[in-house]
Amino acid sequence: MSAHEPDDRTMRERMLAGDPYLADDPELVAGVVRAQRLQEAYNATGIDDRERRRELLAELLGSVGEDVAIRPPLYVDYGTQISVGSRVFANYGLVALDVAAITIGDDTQIGPNVQLLTPTHPVAPGPRRDKWEGGSAITIGSNVWLGGGVVVCPGVTIGDDTVVGAGAVVTRDLPAGVVAVGNPARVVRRVDDPA
């Protein structure tokens with residue numbers, strides 16, 4: 001990642017393409033400020049403000065299915081790159097950092113304090129010091145259950161019907177229909193196997 005590579009794209013275009021970008025670009029900063037204002041309003045809503053919560057989610061996120069419940073507080077980078085399917089439930093403290101796309105399938109259950117982290121940073125000290133960043137999309141299938149405190153790392157896809165145990169750190173793709181636990185998360189059985 002380097003500022004010396006010729007590229008006529010804006011930093012936002014680079015970010016959306018999954019290429020190196022600088023996050024302090026004014027257009028990107030404006031997107032973060034917009035998201036922070038909306039999430040601040042969302043996080044201030046009360047239990048009886050269901051319609052207001054729905055309106056704010058629809059404005060904050062890229063798309064929101066029917067019957068979605070995300071308990072405040074919710075934290076995002078931009079919000080616009082998050083797509084949430086129908087009947088999704090997320091408990092308190094979801095962190096969904098969306099410098100790349102985050103897709104959450106229908107009927108998924110997300111425990112408290114889950115982190116969906118798409119940002120990446122260079123390992124080399126020079127580009128990291130120069131504030132270059134990147135991102136890689138996260139895809140969560142349908143009917144997935146992420147236990148409390150799960151961390152999903154950049155670029156990960158989790159297949160339909162999979163269960164990820166509390167506190168697991170998902171560093172690689174998980175297939176459909178499995179139970180995975182640990183750090184790094186590893187498959188311990190199929191969901192339909194006897195426990």
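Just to be sure I understand: of the beta bridges DSSP finds with both ends in region 93-195, what percent are antiparallel, rounded to 5? Of all bridge pairs located within region 93-195, approximately 25 percent are antiparallel.
Estimated at 0.36 nm per residue, the fully extended path between LEU22 and ARG52 surpasses their Cα-Cα distance by 7.4 nm. Full extension of the chain between THR45 and ASP130 gives 26.8 nm of extra length, using 0.36 nm per residue less the Cα-Cα distance. Given R₀ = 25 Å, what would the calculated FRET efficiency be for ALA195 paired with SER86, taking r from the Cβ atoms and rounding to 0.05? After rounding, the FRET efficiency stands at 0.30. The Kirkwood radius of region 71-153, taken over pairs of alpha-carbon atoms, gives through the Stokes-Einstein law at 20 °C and 1.002 mPa s a diffusion coefficient of 162 µm² s⁻¹. Per the Debye formula on identical point scatterers at the alpha carbon atoms of the chain, with no solvent, log10 I(q)/I(0) at q = 0.17, 0.18 Å⁻¹ is -1.10, -1.19. Model label sites at THR171 and VAL123, defined 7 Å from Cα along the beta-carbon direction, differ in position by 1.1 nm.
ASN113 to ASP8: FRET efficiency via 1/(1 + (r/R0)^6), r the Cβ-Cβ distance, R0 41 Å, to the nearest 0.05? Result of the calculation: an efficiency of 0.50. Summing Lys, Arg as +1 and Asp, Glu as -1, what charge do residues with Cβ under 9 Å from the Cβ of SER142 carry, SER142 excluded? Value of the local net charge: -4. Accessible area of the chain with a 1.4 Å probe: how many percent of it is carbon plus sulfur? Accessible surface attributable to carbon and sulfur in the chain totals 51 percent.
The values are calculated or read from the model by the stated rules, or taken from the named source; none is laboratory data. The shown structure was predicted, so the numbers you read here are calculated from the model rather than taken from an experiment. Ideal geometry is used to build each Cβ from the backbone, glycine not excepted, and the neighbour counts take in all protein chains shown. Remember, those area values only see protein heavy atoms, side chains included, never the ligands or the DNA or RNA. Shrake-Rupley method; radii C 1.70, N 1.55, O 1.52, S 1.80 Å.
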